[in-house]
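Heads up: the structure comes next, in structure tokens.
The values are calculated or read from the model by the stated rules, or taken from the named source; none is laboratory data. Nothing here was measured: the structure is a model prediction, and the numbers come from that model. Please note: Cβ atoms are built from the backbone with ideal geometry, for glycine as well, and neighbour counts cover all protein chains shown. Note: accessible area is taken over every heavy atom of the protein model, side chains too, but ligands, DNA and RNA are not part of it. Shrake-Rupley method; radii C 1.70, N 1.55, O 1.52, S 1.80 Å.
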4 protein chains.
Amino acid sequence: MPIRALVWGENVHEQENEFVARTYPKGMHGQIAALLAADPNILASTATLQEPEHGCTEARLAETDVLLWWGHAAHDKVDDAIVERIARRVWEGMGLIVLHSGHFSKIFKRLMGAPCALHWREAGERERLWVVNPGHPIARGLPRYFELENEEMYGEPFSVPEPLETVFVSWFQGGEVFRSGLTYRRGAGNIFYFRPGHETYPTYHDRTVGQVLRNAVNWAYSPEAHAELLSAPNTPVDKALEPIVERGAKLTHHPG
Amino acid sequence: MPIRALVWGENVHEQENEFVARTYPKGMHGQIAALLAADPNILASTATLQEPEHGCTEARLAETDVLLWWGHAAHDKVDDAIVERIARRVWEGMGLIVLHSGHFSKIFKRLMGAPCALHWREAGERERLWVVNPGHPIARGLPRYFELENEEMYGEPFSVPEPLETVFVSWFQGGEVFRSGLTYRRGAGNIFYFRPGHETYPTYHDRTVGQVLRNAVNWAYSPEAHAELLSAPNTPVDKALEPIVERGAKLTHHPG
Amino acid sequence: MPIRALVWGENVHEQENEFVARTYPKGMHGQIAALLAADPNILASTATLQEPEHGCTEARLAETDVLLWWGHAAHDKVDDAIVERIARRVWEGMGLIVLHSGHFSKIFKRLMGAPCALHWREAGERERLWVVNPGHPIARGLPRYFELENEEMYGEPFSVPEPLETVFVSWFQGGEVFRSGLTYRRGAGNIFYFRPGHETYPTYHDRTVGQVLRNAVNWAYSPEAHAELLSAPNTPVDKALEPIVERGAKLTHHPG
Amino acid sequence: MPIRALVWGENVHEQENEFVARTYPKGMHGQIAALLAADPNILASTATLQEPEHGCTEARLAETDVLLWWGHAAHDKVDDAIVERIARRVWEGMGLIVLHSGHFSKIFKRLMGAPCALHWREAGERERLWVVNPGHPIARGLPRYFELENEEMYGEPFSVPEPLETVFVSWFQGGEVFRSGLTYRRGAGNIFYFRPGHETYPTYHDRTVGQVLRNAVNWAYSPEAHAELLSAPNTPVDKALEPIVERGAKLTHHPG
């Protein structure tokens, strides 16, 4: 059974900015889904901010293996309850791939527990992404580096937690660097942050970017659900794996 | 100048449970502060849930280098705005030491971005903490292992992010294990989770526990504040470190 | 194409100790290979210390995707040149799974750069392995914990580098704990250390152990070879990706 | 008592290359020691390849808290027995700071268990080091970035293990990036790799580089020795912390 990937797009600039609309006639989410569809192991669909419950109903998330998230201008329009719902699904084991300006999305900040801030410049400068971890599954089939001739600059410090692994580091023409591919796990869910993807540039038409996203979906996928990681059950004394005798005071048995 | 440590105590069971009141006549926070005071490099004070703003005013946090947090029954009584205030101070560089049932405190869950759940049993059983990382500053001066004859059991899986380093692992009489000392950084702030400390047992009268807490305060302390990690400033094109020429479309300049 | 797994066995105790011979009539390597063969995605074969080049010829390693290593009494009989050969293959991307007493094998110590020491006791006591990272691929399909009624005890501190992730932690009847499943990457090669497997006990007849080993082989496998990670090539000035002009002194051009 | 830092210099190019000799009249080791001496908490001395036992006798290492290592042309002249001696001291708790071309020193490769390879170009180009982890003790007091106008380029992939933390990332004028400050622990010893320091440039006359090295020495220092991490003692059954009865077969008691 293929991996069910859901591409979430904010879908705001596509409606408001002529450049973005021309570059992404199907919407950015539509184009990202098209990149994923090149992998027969991935079944890609889309959801947008404007749909009821932002397209992230309980039922929809229940049949999603990996969620990709692109947002920028309307982070604060995303309902907090939906963010919590997504966080719970990630903890259970749904993969999450956060793209570019999604570094400031509610869901990414929620799962990182950190500011997730950075420096930025919108100048269409050259970005060169170096693979620093060629053995990582997300780097599979990639060249040593790849270039995006026009991108927004993101500069360090990127105030996120130290990742499990750093996969890419970016060089920018204007003099900055950025850790552009970072992996995390929260609960049972794999998380990948991937830097490129400013809406005014054709980044999601790039072949190598497509390969990275397909690799990331395959890496983030897990066939299992671990809802048990969200609860804190009591193990009664008489069910202890080794025989023990209860001793000392208990909160539930006052001495008087 | 000594490290200014603030011990936050929920201060609920001390008022309601006779065992707890007898064991901790100064309150748990008072006893933890007494443990810290044995280090001349630490200046310890206390705050409780019941104080205005839970004793965590802007002014108080501004003069706190390391915050220790013990809570259990009243996590939900802690005001969300105070939790955000503390999170921001941690990101700026304030150290945070989370104790025992604080695994489910709002501030710990906020900074971990994870469920932070576990299994538990209140049976006064034996816990033996093994030092798995003897070179870590928090393990300084400790024996290979130390025992707490009566403790609450916490069992794995502990659904927290993979730590920077694991310092302690606990053995429980009833057959469970637990990663009992874990380090993290969020923003510029060092975080240490330390497992023992159930309120009905005299854990905070234990000498080795005191040594761990003093080590942890010294480790978590940072003399610097990094408020800049919370903001995402623009770097204008004409201030780029390497000369670049602006190219391509911008969000702020529509073509028409 | 299935994953080509090579199970290396020291094959000494099977010849010398009647208990071991009875428990493992095909040799420990043979039994481990049988466990792997239950996965149609794995093609398992074996090699032993006694074969020419310990069965690890250049040709054999070239067609090995994942190597499993069990040794105990004869670590020092393994030729240093073969150890270097294996290390190079791991760096290129071959997976390596090190079993039990292999913690002191030349190849594990070589790749860890650390003492890899521990405490031990051969008393046939109960070991209970807890899954501390249920979302990790190596934990797939496993119960919350599993028990081995008779095992050798290994106790902390296990002086290995902090792992990428901790998958299992063991509880021992005699009072110790041990981080029993640890992941690493060296070069492009994935490495998994798995604790159980003392030769006088039927550990490799255990169904759950078999599941762990099959999971580990699938996790450690990489389809790519990254021999380039072993060399340090010069990038000439005239091949620089951004135009630069050579400046300053060079080692190769003396001023006189 | 101040931290006893020993700066080891290969001391070859200082004798053979006029540029190097002019830039470092006291030797590179002498100049690095001078940088450290600006910290009253550090007592710096030097040793060179040419001294008996390379200046790293048992006695000398026994009174060294942190060793700094600069080598380039003569890695293979360092005696293997001395390398093992240093590795053991690191495992016991001596700090180690490896500089620039020391990435290919025997001691660094020994402790990393990895190729430690990279790409390079000697063109005197501009390097800009960005602090990606401002809360790390090694970044204390540093600006957001600092520049070295003339440096050798090192490019990714740097085939070292994933570090505990990444502190610096370098931007190079010719288009490459490099993870320039990486932390590790092996046994009880803290290890820091710091990239800059090509011998034909005045890098060790840079004030910020001096600050980094002093910070690193303070960070790497540990007051404790943990020789016990190098041995694997037996814990006899009758000394078990919990009472157990010996069961099953043993290697040392054959059934016949």
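Report the residue count in region D:224-249 for those that are of a type outside the set (S, T, N, Q) and under 11 Å from C:G174 (Cβ atoms). Lay out the reasoning, then the answer.
Keep residues of region D:224-249 that are of a type outside the set (S, T, N, Q), which gives D:224-230, D:232-233, D:236-249.
Restricting the remaining residues to those that are under 11 Å from C:G174 (Cβ atoms) gives D:236-246.
Count: 11.
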Would you say C:P115 is touching a helix residue (DSSP H, G or I) at 6+ places or on another chain (Cβ under 8 Å), surrounded by 24 or more Cβ atoms within 10 Å (Cβ to Cβ) and not in a strand (DSSP E or B)? yes
Would you point out the residue of region D:106-132, among those that are closer than 30 Å to C:K109 by Cβ and not hydrophobic (A, V, I, L, M, F, W, C), that is farthest from the other protein chains (Cβ to nearest Cβ)? D:K106
Based on this model, can you work out whether B:G187 counts as on the phi > 0 side of the Ramachandran plot and within 7 Å of another protein chain (Cβ to nearest Cβ)? yes
Taking only region A:45-73 into account, find how many residues are touching a residue at least 40 places away in the same chain (Cβ under 8 Å) and out of contact with any Lys or Arg (no Cβ under 8 Å at 6 or more places or on another chain). 11
Taking the condition of being open to solvent by 20 Å² or more (accessible area, probe 1.4 Å) and in contact with a Leu (Cβ under 7 Å, 6 or more places away or on another chain), how many residues in region A:1-11 meet it? 3
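Can you name the residue in region D:134-156 that is without any contact (Cβ under 8 Å) to a residue 40 or more places away in the chain and either in a loop (DSSP other than H, G, I, E, B) or away from chain B (no Cβ under 14 Å) (or both) and is also most open to solvent (accessible area, probe 1.4 Å) among such residues? Can you show your working first?
Residues of region D:134-156 without any contact (Cβ under 8 Å) to a residue 40 or more places away in the chain: D:134-135, D:144-145, D:147, D:149, D:153, D:155-156.
Subset that is either in a loop (DSSP other than H, G, I, E, B) or away from chain B (no Cβ under 14 Å) (or both): D:134-135, D:144, D:153, D:155-156.
Details: D:P134: 17, D:G135: 4, D:R144: 94, D:M153: 0, D:G155: 1, D:E156: 1 Å².
Selected residue: D:R144.
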Quick check: is even one residue across region B:15-25 within 23 Å of B:Y184 (Cα to Cα) and modelled with pLDDT of 95 or more? no
Looking for something more than 8 Å from every other protein chain (Cβ to nearest Cβ), over 16 Å from C:N133 (Cβ atoms) and either touching a strand residue (DSSP E or B) at 6+ places or on another chain (Cβ under 6 Å) or modelled with pLDDT of 95 or more (or both) - is there at least one such residue anywhere in region B:168-179? yes
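Going through region D:15-28 one residue at a time, which ones are touching a helix residue (DSSP H, G or I) at 6+ places or on another chain (Cβ under 9 Å) and either touching a residue at least 24 places away in the same chain (Cβ under 8 Å) or open to solvent by 60 Å² or more (accessible area, probe 1.4 Å) (or both)? Write out each step before concluding.
So in region D:15-28, the residues touching a helix residue (DSSP H, G or I) at 6+ places or on another chain (Cβ under 9 Å) come out as D:15, D:19-21, D:23-28.
Correct list: D:Q15, D:F19, D:V20, D:T23, D:Y24, D:P25, D:K26, D:M28.
Identify, from the list C:L241, C:L251, the residue that is among the hydrophobic types (A, V, I, L, M, F, W, C) and away from chain A (no Cβ under 14 Å). Don't jump to the end; show me each part of the working.
Numbers: C:L241 fails: away from chain A (no Cβ under 14 Å).
C:L251 is the lone residue from the list that is among the hydrophobic types (A, V, I, L, M, F, W, C) and away from chain A (no Cβ under 14 Å).
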Failed item, numbered, when B:I138 is tested on (1) closer than 24 Å to A:P163 by Cα; (2) touching a Leu at 6+ places or on another chain (Cβ under 6 Å): (2)
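Rundown of residues vs (1) under 16 Å from A:R195 (Cβ atoms); (2) among the charged types (D, E, K, R), yes/no style:
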residue	(1), (2)
A:K77	no, yes
A:H100	yes, no
A:K106	no, yes
A:M112	yes, no
A:P115	no, no
A:E125	yes, yes
A:P134	no, no
Could you list, in sequence order, all residues of region B:86-104 that are over 19 Å from B:P2 (Cα atoms) and more than 14 Å from every other protein chain (Cβ to nearest Cβ)? B:L99
